[in-house]
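Enquirer: Attaching a single structure in structure tokens format; questions to follow.
All of the numbers you see were taken from the coordinates with simple rules; none came from a lab. Everything numeric here is computed off the predicted structure, so don't read it as measured data.
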């Protein structure tokens, strides 16, 4: 039994087992790491209060905004090109060329934060944090590049350990510095130290892959990366407009207090986005190998993975909306309750975002980068337009509605793109999931009416929903069981 478990968790045997193994480790990495980080974020939000927490959130959102420009699709292309060739020399050339390009982009990003950052905000507290934030930006981007090398090698167990270490360092430094000085400056400095630990550990882990870093640079590969990367870069920038400009525009039209409220609600929803992202990263190497070669096999994978995301997303969205106020109060405290409506609206986006994480990978595997650019453009530009219309009138609730409507418009287009290369049957798999969710919702409502604690109501909902899936003999559960038996 021990050797079977060890083989499942650390070896790449079959495609199904490798994907399952990678999903497991990325789940451990992301859920474990994010929950570790959530501990310090919740503590920090409570200690700093809505205004100072809003200042920190705005600064980090600015980093995220610039990070999208810096990546330029380099990480995705590295994974795709590395997976395509078994030749070690070619793999090193891909890594070397990608790394040097990424390094140049990171330098440009750091200069942008330090020199242009002060002109992008009117919140004085944010300007004082920009030098520290520039280090966070650099450390995180170098670490993420190292993670791309790990993903390309399909050794997600390495990423799990490194990501957990990074977040553990952030938590430890965060608690220590907040105890010494409960200020946003101290918290930001602690965050920077934690990301530095993660970067150093990651570079050490992939040191052998970085051998010959300068001697293996190839202009031909650089041209290929730039040719393939520009649609991804534009797509990522436009996609970022759909997700990350909310905080920046709220900060422009509203106060740091409002930024803090919206950021708290958004943090919970972003934590939920981890699962489709994990599946997405795990499937990219497989999609890249199957596209145009084994289309039917790729479609069968889609008919399992897309419904699986709904199996998780639908009950989370419904349960979260029903318990929205209790969840916000339990996690962040009474001072954040005004963000409940935004939280409930944002929860609806997971019904869209969960499957989209997989669909974008399929489009990328089939070389539909330009279609992804259009998809992101629809979402990003419509989100900005709707934000500009709705935030001045409705505040943070208007921003939440803008995000939801923008995602609906963009995903409608993305499904058209996917159906041009594959026609997975998804709706037939959702009937039992929807019925089970309805029964779960009744139980959650009854639990709430009887005054049950939010944890009790949540656990009751999980038990009932899972029980209904087994009672209805949901086929996806059998598939999960077959994977675990590999």
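Enquirer: Which three numbers, in whole Å and largest first, are the semi-axes of the equivalent ellipsoid of segment 77-138 derived from its Cα gyration tensor as √(5λ)?
Expert: On the way: eigenvalues 262, 18, 14 Å².
Here the semi-axes work out to 36, 9, 8 Å.
Enquirer: What relative contact order, as a whole-number percentage, does segment 308-375 give when Cα pairs under 8 Å and 6 or more residues apart are counted? Before the final figure, lay out the partial values.
Expert: On the way: 39 pairs, mean separation 22.2, N = 68.
Computed value for segment 308-375: 33 percent relative contact order.
Enquirer: Per Stokes-Einstein, at 4 °C and 1.567 mPa s, what whole-number D in µm² s⁻¹ belongs to segment 152-194, with the Kirkwood radius over Cα pairs as the hydrodynamic radius? Each step should come with its number before you reach the end.
Expert: Working: Rh = 11.2 Å.
The estimated diffusion coefficient comes to 116 µm²/s.
Enquirer: Expressed in nm to one decimal, what extension gain is obtained for the pair residue 257 and residue 299 from 0.36 nm per residue of sequence separation less their Cα-Cα distance?
Expert: Numbers: separation 42, 0.36 × 42 = 15.12 nm, distance 4.66 nm.
Difference between extended and current length: 10.5 nm.
Enquirer: For residue 427 and residue 200, compute 0.36 nm times the residue count separating them, minus their Cα-Cα distance, and round to one decimal in nm.
Expert: On the way: separation 227, 0.36 × 227 = 81.72 nm, distance 4.57 nm.
Roughly 77.1 nm would be gained on extension.
Enquirer: Between residue 35 and residue 90, 0.36 nm times their residue separation minus their Cα-Cα distance comes to what? List each step's numbers first, then the result.
Expert: Details: separation 55, 0.36 × 55 = 19.80 nm, distance 3.77 nm.
Gain on extension, residue 35 to residue 90, equals 16.0 nm.
Enquirer: Between rounded, prolate and oblate, where does segment 391-441 land on the alpha carbon gyration tensor, with a ≥ b ≥ c its root eigenvalues, rounded for a/c under 1.5, else prolate if a/b exceeds b/c? Before the final figure, lay out each step's value.
Expert: Numbers: a/c = 6.99, a/b = 1.31, b/c = 5.32.
Because a/c hits 1.5 or more and a/b fails to exceed b/c, segment 391-441 counts as oblate.
Enquirer: Whole number please: convex hull volume per residue, Cα atoms of segment 354-396, in Å³.
Expert: Details: hull volume 2.5 nm³, N = 43.
Cα convex hull per residue, to the nearest whole number: 59 Å³.
Enquirer: Quick one: grab Rg to one decimal and Dmax as a whole number for segment 339-428, Cα atoms only, in Å.
Expert: In order Rg, Dmax, the Cα atoms of segment 339-428 give 14.4, 42 Å.
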